[in-house]
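Coordinate-derived values only; no laboratory data. This one's a predicted model, so the numbers in the text were calculated from it and none came from an experiment. Positions of Cβ are backbone-derived with ideal geometry, glycine not excepted, and every protein chain shown enters the neighbour counts.
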Amino acid sequence: MNHPSFFPLQPRIRPGRIVATPGALASLNHNGIPPMALLLRHICGDWGDVCPEDWQQNDLCVASGLRVLSVYTMPDRTKVWVITEWDRSVTTVLLPDDY
């Protein structure tokens, strides 16, 4: 990937209201990952397992006020998405099947 491996804890986006689907919470619990860990990564600009083009697009979306999508792969290979809406009103933690 063409992104840094270290991210300072400096917020890049406002998350708004934070919500999560039951499936995402169950997956995080099953994998021993606290939801806040993914939220911090997302809010600080670590977009996870997106391709380099989507990483760049997210960086542009932060600057221009568009929707931002992060993808994180759990130890059991399940993918969890974190999406912040364009107006920064809500950030949702969900499984791709929940979309």
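Please tell me if Asp97 is surrounded by fewer than 18 Cβ atoms within 10 Å (Cβ to Cβ) and among the acidic types (Asp, Glu). Break it down stepwise before answering.
On the way: surrounded by fewer than 18 Cβ atoms within 10 Å (Cβ to Cβ): yes; among the acidic types (Asp, Glu): yes.
Criteria met by Asp97.
Just to be sure I understand, how many residues within the range 58-94 are out of contact with any Lys or Arg (no Cβ under 7 Å at 6 or more places or on another chain), surrounded by fewer than 16 Cβ atoms within 10 Å (Cβ to Cβ) and of a type in the set (S, T, N, Q)?
Counting residues in the range 58-94 that are out of contact with any Lys or Arg (no Cβ under 7 Å at 6 or more places or on another chain), surrounded by fewer than 16 Cβ atoms within 10 Å (Cβ to Cβ) and of a type in the set (S, T, N, Q) gives 1.
Restrict the check to the range 44-55 and report whether at least one residue is small (Gly, Ala, Ser), in contact (Cβ under 8 Å) with a residue 12 or more places away in the chain and surrounded by 15 or more Cβ atoms within 10 Å (Cβ to Cβ).
Step one: of the range 44-55, the residues small (Gly, Ala, Ser) are 45, 48.
Narrowing further to those that are in contact (Cβ under 8 Å) with a residue 12 or more places away in the chain: 45, 48.
Of the ones still in play, those that are also surrounded by 15 or more Cβ atoms within 10 Å (Cβ to Cβ) are 45, 48.
Looking through the range 44-55, at least one residue is small (Gly, Ala, Ser), in contact (Cβ under 8 Å) with a residue 12 or more places away in the chain and surrounded by 15 or more Cβ atoms within 10 Å (Cβ to Cβ).
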